[in-house]
Amino acid sequence: MLEIKNLVVQIEDKRILNGLNLTVNNGEVAAIMGPNGSGKSTLSYVIAGKEDYEVLDGEIILDGQNLLEMEPDQRAAAGVFLAFQYPLEIPGVASMTFLKAAMNAQRKSRGQDELSTPDFIKRVNAAAAKLEIPKDMLKRALNVGFSGGEKKRMEILQMALLEPTFCILDETDSGLDIDALRIVSEGVNALRSPDRSFLVITHYQRLLNHIVPDTVHVMSAGRVVKSGGKELALELEANGYADYRESEAA
Amino acid sequence: MPAVQETIDQVRSIDVDQYKYGFETEVEMEKAPKGLSEDVIRFISAKKGEPEWMLAWRLDAYKRWLTMTEPSWARVSYDKIDYNDIYYYAAPKKNPAPKSLDEVDPEILRTYEKLGIPLREQEILAGVEPERRVAVDAVFDSVSVATTFKEELKKAGVIFMPISEAIREYPDLVRQYLGSVVPVTDNFFATLNSAVFTDGSFVYVPPGVRCPMELSTYFRINEKNTGQFERTLIIADKGSYVSYLEGCTAPKRDENQLHAAVVELVALDDAEIKYSTVQNWYPGDAEGRGGIYNFVTKRGDCRGKNSVITWTQVETGSAITWKYPSCILRGDNSRGEFYSIAVSNGMQQVDSGTKMIHLGKNTTSRIISKGIAAGKSENTYRGLVSAHRKASGARNFTNCDSLLIGNQCGAHTVPYIESKNASAVFEHEATTSKISEDQMFYCQQRGLSEEEATALIVNGFVKDVLQQLPMEFAVEAQKLISISLEGSVG
């Protein structure tokens, strides 16, 4: 379970999150929606531990652990996974090499043995097949020259292999065509389980037709201003964010 | 497992005990007086039992050297060297050698540990001098190993021996080629080396012979002998092939601060020489005190048509590196290649690169240089590509990439391009990049620690060059690069 209480964050003296509260239960898929600049991406970065963000107040607790006291790699080992909106390129490092390094690094911090090479390859091949990732893509340098759809599929592949307990999808639908959206969504849905929760950040209802959320939270001006069931997303799609922008101004 | 250990195991299986004896005479230290003079050179030459022509050659070099001034164009700075305050032959140790590993800098020990070097070998590398060292050294110098390898090489007709021996045993060959690539008058440090060199390696591969082994294994055994002023000469006769590997990934304790080696390669028609170096000499402490000055002249001559010379280097050590392994592409259709990884951290200064001199027709060259600067180091690539007016169809491709880690280091690229032939095509690409915070965050988000992330990104950066190294060495070099950069982040 993830609990965020009264989170206040600024970057370069600009206040982005203003006392945000959010709870995501085990096995829950929570969608975060909201207009541009409402702090959605900042929230994902702060949970994952990106530098540059100054946390002024509040706490983020994942399964009893205080994430704010941990380094990004420790948070990853504790179960946090962030699927990036813009995945980074690592030139010269084959995707396979990267996957193995990441998996073994996490196993090491959890006190587990390294994976044997055959075991590793078996896992990767199985997961890659589900996401329709061809083998030659795994040999190419990570994300270098990948199309938008390939990058997002690679993110979900990593999510599948690292077996996190708390997954954040930061606008995973951006830049995806319909087929890629279907593949990615099916990949995510296959990972839904009672002990894994998701925070799905998106602008659009479209993604939520594929990944159906349990709860929907609307963010505005650095706070969750409304929470509801999946029907709230449909309402937003119909009415836009106008109501919430007003509340921001008020 | 480092290859050295394999050698030890191999030697053990041959039964080393019989070679313990007759060793002590070798330990005796003989030394020339401090400083440089004609007498010292005569002393060195006499010690080596050299013929008269060799002495004359040395003395000639010395006279030249006296008229020369130390070069100052490199982007490095250091206190003036007093050349009369150096022992040029069998320098006695300034400090007593450590009696056990307990007395060795723990920092160095940690590095050994990370490289997975066995204790016994650590002692040798650290220069520990307990009684048992004799036996261990005997293993390394073991006549038996030398003989085993020598016999195999002899079968192939390859001559491989210390150059001092070659001067006595194959004077005609040595005389024909020594100084033919790096002339006695070439530069301040090469001329100094010509006057005072004490040893190094000599290789001759006869026509049509493919040398049956990487000359690394053997070389490692002999490495103890490589001194301050090393001289190496490799000749690949027509249609032959040889791969030679110099150096060691483990940092070596060395009393001599100034190293000025000369390496000459000669490739005749259709011959190929691959020369790989891994250099990890002591870089000095955090303030930059005490590291090695590595002022090396390395040059290959593609003398015959269709000949190929490839330099591959991984440079992580030394306080100052001044080194430009070069190729003279004299033969038509000859090819020169230079692959380099230069890592600098702490207070290290690197000024390194290559020269590709296109003289023959349709000659080609390729330069791939990867400089990585961290800490407060300065890392300069300096390269020359030139085409003589007769070098029609000359082609060069150069790619120089620099990677900066942190914000207190510097990377510089200084390419010189001279073309006197209109048909020459030279391409130059250069990039300077920094490991971005976003890349680091991405890797860390996947569970890699800061240091693991840096090592991974750096290894991706140098991949093109690592692939050029012999397999066993590529793995060690990769580890070495990670270790060299430890503590460079955060």
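The values are calculated or read from the model by the stated rules, or taken from the named source; none is laboratory data. Treat the numbers as computed from the prediction; the structure is a model and nothing was measured. Note: ideal-geometry Cβ built from the backbone for every residue, glycine included; neighbour counts use all protein chains shown.
Tabulated values for the structure
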| read-out | value |
| --- | --- |
| B:VAL205 vs. criteria at pLDDT 95 or above and surrounded by 15 or more Cβ atoms within 10 Å (Cβ to Cβ) | yes |
| Count of residues meeting criterion [closer than 21 Å to B:SER344 by Cα and not small (Gly, Ala, Ser)] in segment B:408-438 | 11 |
| Candidates A:MET137, A:MET154, filtered to the one that is in contact with a Phe, Trp or Tyr (Cβ under 8 Å, 6 or more places away or on another chain), more than 13 Å from every other protein chain (Cβ to nearest Cβ) and part of a helix (DSSP H, G or I) | A:MET137 |
| Considering residues of segment A:161-191 that are aliphatic (A, V, I, L, M) and over 24 Å from A:GLY79 (Cβ atoms) only, the residue surrounded by the most Cβ atoms within 10 Å (Cβ to Cβ) | A:LEU176 |
| Within segment B:446-467, considering residues that are surrounded by fewer than 21 Cβ atoms within 10 Å (Cβ to Cβ) and not in a helix (DSSP H, G or I), the one farthest from the other protein chains (Cβ to nearest Cβ) | B:GLN467 |
| Which listed residue, of A:LEU99, A:LEU82, is within 19 Å of the chain's Cα centre (by Cα), within 14 Å of another protein chain (Cβ to nearest Cβ) and part of a strand (DSSP E or B) | A:LEU82 |
| From B:SER433, B:SER449, B:SER423, B:SER419, residue being at pLDDT 90 or above and farther than 25 Å from B:THR310 by Cα | B:SER449 |
| Test: residue in segment B:418-425 that is surrounded by 24 or more Cβ atoms within 10 Å (Cβ to Cβ) and either on the phi > 0 side of the Ramachandran plot or outside any loop (DSSP other than H, G, I, E, B) (or both) | no |
| Hits in segment B:195-219 (condition: more than 17 Å from the chain's Cα centre (by Cα) and under 23 Å from B:GLY49 (Cβ atoms)) | B:ALA195, B:VAL196, B:TYR204 |
| A:ASP63 among the acidic types (Asp, Glu) and over 22 Å from B:PHE441 (Cβ atoms) | yes |
| The listed residue being of a type in the set (S, T, N, Q), surrounded by fewer than 16 Cβ atoms within 10 Å (Cβ to Cβ) and part of a strand (DSSP E or B), out of A:ASN26, A:ASN21, A:ASN36 | A:ASN21 |
| Residue pairs meeting the criteria (Cβ under 8 Å; at least 6 apart or on separate chains; first surrounded by fewer than 18 Cβ atoms within 10 Å (Cβ to Cβ), in segment B:378-398; second outside any strand (DSSP E or B) and aliphatic (A, V, I, L, M)) | B:LYS390/B:LEU359; B:SER392/B:ALA424; B:GLY393/B:ALA424 |
| Unique match (being without any contact (Cβ under 8 Å) to a residue 40 or more places away in the chain and either touching a helix residue (DSSP H, G or I) at 6+ places or on another chain (Cβ under 9 Å) or over 20 Å from B:LYS298 (Cα atoms) (or both)) among B:GLU152, B:GLU165 | B:GLU165 |
| Sole exception among (1) among the β-branched types (Val, Ile, Thr); (2) within 13 Å of chain A (Cβ to nearest Cβ); (3) more than 30 Å from A:ASP170 (Cα to Cα) for B:THR432, by number | (2) |
| Yes/no for A:ILE133 being of a type in the set (Val, Ile, Thr) and in contact with a strand residue (DSSP E or B) (Cβ under 6 Å, 6 or more places away or on another chain) | no |
| Complete set of residues in segment B:153-200 that are out of contact with any Phe, Trp or Tyr (no Cβ under 6 Å at 6 or more places or on another chain), crowded, with 21+ Cβ neighbours inside 10 Å, among the aliphatic types (A, V, I, L, M) and in a helix (DSSP H, G or I) | B:ILE167, B:VAL174, B:ALA190 |
| Top-ranked residue in segment B:255-278 [being touching a helix residue (DSSP H, G or I) at 6+ places or on another chain (Cβ under 9 Å) and over 13 Å from B:THR297 (Cβ atoms); ranked as surrounded by the fewest Cβ atoms within 10 Å (Cβ to Cβ)] | B:LEU258 |
